[in-house]
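Worksheet: one structure, shown below.
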Amino acid sequence: MQTLKELFKIGPGPSSSHTFGPMMASRDILEKAPDADAFKVTLHGSLALTGKGHLTDKIILKTLKGKDCEIVFDPLKKVDHPNTMIIEAFQEGSKVKEVEYVSIGGGKIIIDGQRPATAEDIYPHTTMDDIQKYCREHHLRLDEYVTEVEGKDLDAYLTKIMNAMIHSVEKGLSKTGTLPGSLQLDRIAYALYESAKSIENQADQDALLLSSYAYAASEQNASGGTVVTAPTMGSCGVLPSLVYHYHKDLNYPKKSILNGLKVAGLIGNLIQENATISGAKAGCQAEVGAACAMGAAFVARLLRLNNETIESAAEIGLEHHLGLTCDPVGGYVMIPCIERNAVAATRAVDAARLAQYTRNVKKNRVSFDMVVHTMNLTGKKLPMELKETSLDGLAVVVPTAPELKKRK
């Protein structure tokens, strides 16, 4: 597994697969063909089907710095990975370079079948079972294990991530009005936040505050703003809302937040290593489900629960998202994505609490490794139409704004 620096990244929304990944691919082709004066970008699979709603074409044009660029949406060609794109570079009419890129989620890309050289594996273990065994033998907490592997300089990087998460929430809370795009969806994070402040019951207030933070970060993402992949941009509201709530509202110190992020990152890394975090590969269980598992582990670490209970929290968070489809209405990361982030944030807290108290009365029969394996199997069996293509599910049932106008 790779460093957590490859999992947690700061970049432009609304999608790590459809926006951040193509941005990285466009940067790479500029390095490979610095003298090119024109480009042709062919998008396949999910990138072709929902690329416009995810602003894929806009981020490519922006990154290629205004050079002559033709973008082709080709959803019919069969490709091994649904987030495949081909970039051809030309100089004075002659092709000088052609590269295949695969956007695998979290802003990561595979270039001509190979991961970038910087993305080397540093973790000696790739399953939770092996990590737990190592931690028992060496008397380590899970966050201490991450520090042992990554080094103490990881704290400086995670501090930047924590600050970026907090900023994404604050930025989202500061805006009202309508999100960009044809759905004409209202921003409601600020309204939820204001409503929460008037609630007298503390538990109800905390729950609505948490939801408002998840909405805020997700609305920031949906508008193309800067967010953190956690593990993806489509799920960027879950973990940041928890970070904000526990740090700002509940006054947990920075050190505790960083330790929680280490454990959350470890969970995300394991999911990516043994399954996927790409909605185009396995549906939203791979994005929001993974984020809920990471959030549950984060909360469990803040509650100072032991390693086994933290694993149980993460397992519960992911298990009850199994089979979750990715069916964005209009191809936008808005419906059901924004609300789904808020639901998963509250579920993460519930999963941590449930793990805390059920561990006292029963042994968990389902391990984290088991549920990750199950998620992978389930993702392979989900139909392509329900994996970030907008060809079925809510995407064909919920009318878009133009359709509503036609009905009137």
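The values are calculated or read from the model by the stated rules, or taken from the named source; none is laboratory data. Because the structure is a prediction, the values reported are computed rather than measured. When we count neighbours, we look across all protein chains shown, and the Cβ atoms used for this are built from the backbone with ideal geometry, even at glycine. Note: accessible area is taken over every heavy atom of the protein model, side chains too, but ligands, DNA and RNA are not part of it. Shrake-Rupley method; radii C 1.70, N 1.55, O 1.52, S 1.80 Å.
Residue by residue through the range 15-64, note down the ones that are farther than 30 Å from Ile338 by Cα and either touching a Lys or Arg at 6+ places or on another chain (Cβ under 8 Å) or buried (at least 16 other Cβ atoms within 10 Å of the Cβ) (or both).
Asp28, Ile29, Leu30, Lys32, Ala33, Ala36, Asp37, Ala38, Phe39, Lys40
From Gly172, Gly105, which residue is within 30 Å of Ser312 (Cα to Cα), surrounded by 17 or more Cβ atoms within 10 Å (Cβ to Cβ) and not basic (Lys, Arg)?
Numbers: Gly172 fails: within 30 Å of Ser312 (Cα to Cα).
Residue meeting the stated conditions: Gly105.
Listed residues Leu142, Leu179; which is crowded, with 17+ Cβ neighbours inside 10 Å and out of contact with any Cys (no Cβ under 9 Å at 6 or more places or on another chain)?
Sole residue among the options that is crowded, with 17+ Cβ neighbours inside 10 Å and out of contact with any Cys (no Cβ under 9 Å at 6 or more places or on another chain): Leu179.
Go through the range 5-14 and count every residue that is among the aliphatic types (A, V, I, L, M) and buried (at least 24 other Cβ atoms within 10 Å of the Cβ).
Residues flagged as among the aliphatic types (A, V, I, L, M) and buried (at least 24 other Cβ atoms within 10 Å of the Cβ) within the range 5-14 amount to 1.
Which condition from (1) touching a residue at least 24 places away in the same chain (Cβ under 8 Å); (2) over 30 Å from Glu6 (Cβ atoms); (3) touching a Ser or Thr at 6+ places or on another chain (Cβ under 8 Å) is the one that Pro180 breaks?
Answer for Pro180: the failing condition is (2).
Counting residues that are over 30 Å from Thr50 (Cβ atoms), which helices (runs of 4 or more DSSP H) fully inside the range 279-324 reach at least 2?
288-302, 307-319
Out of (1) in contact (Cβ under 8 Å) with a residue 40 or more places away in the chain; (2) open to solvent by 40 Å² or more (accessible area, probe 1.4 Å); (3) farther than 22 Å from Ala296 by Cα; (4) in contact with a Lys or Arg (Cβ under 9 Å, 6 or more places away or on another chain), the odd one out for Ser223 is which?
Of the numbered conditions (1) in contact (Cβ under 8 Å) with a residue 40 or more places away in the chain; (2) open to solvent by 40 Å² or more (accessible area, probe 1.4 Å); (3) farther than 22 Å from Ala296 by Cα; (4) in contact with a Lys or Arg (Cβ under 9 Å, 6 or more places away or on another chain), the odd one out for Ser223 is (2).
Given Arg365, Arg353, which one is over 14 Å from Ala293 (Cβ atoms) and either among the β-branched types (Val, Ile, Thr) or part of a loop (DSSP other than H, G, I, E, B) (or both)? Even if it seems obvious, please write down each step before you answer.
Values: Arg353 fails: either among the β-branched types (Val, Ile, Thr) or part of a loop (DSSP other than H, G, I, E, B) (or both).
Result: Arg365 is the single residue among Arg365, Arg353 that is over 14 Å from Ala293 (Cβ atoms) and either among the β-branched types (Val, Ile, Thr) or part of a loop (DSSP other than H, G, I, E, B) (or both).
Applying the selection to the range 65-86, what residues are surrounded by fewer than 22 Cβ atoms within 10 Å (Cβ to Cβ) and either in a loop (DSSP other than H, G, I, E, B) or in contact with a Pro (Cβ under 9 Å, 6 or more places away or on another chain) (or both)?
Scanning the range 65-86 gives Lys65, Gly66, Lys67, Pro75, Leu76, Lys77, Lys78, Val79, Asp80, His81.
Polar (S, T, N, Q), touching a Leu at 6+ places or on another chain (Cβ under 7 Å), open to solvent by less than 60 Å² (accessible area, probe 1.4 Å) and over 25 Å from Thr178 (Cα atoms) - does that describe any residue in the range 325-338?
yes
Any idea which of (1) in contact with a strand residue (DSSP E or B) (Cβ under 6 Å, 6 or more places away or on another chain); (2) open to solvent by 20 Å² or more (accessible area, probe 1.4 Å); (3) in contact (Cβ under 8 Å) with a residue 24 or more places away in the chain is the one Ala89 doesn't satisfy?
(2)
Of the residues in the range 108-133, how many are assigned to a strand (DSSP E or B), open to solvent by 80 Å² or more (accessible area, probe 1.4 Å) and more than 20 Å from Leu266 (Cα to Cα)?
1
Of everything in the range 226-256 that's under 14 Å from the mean Cα position of the chain (by Cα), within 16 Å of Ala291 (Cβ to Cβ) and hydroxyl-bearing (Ser, Thr, Tyr), which residue is surrounded by the fewest Cβ atoms within 10 Å (Cβ to Cβ)?
Quick first cut of the range 226-256, residues under 14 Å from the mean Cα position of the chain (by Cα) only: 226-241.
Keeping just the survivors that are within 16 Å of Ala291 (Cβ to Cβ) gives 227-241.
Still in the running and hydroxyl-bearing (Ser, Thr, Tyr): 229, 232, 235, 241.
Values: Thr229: 29, Thr232: 31, Ser235: 35, Ser241: 31.
For the range 226-256, the residue satisfying everything is Thr229.
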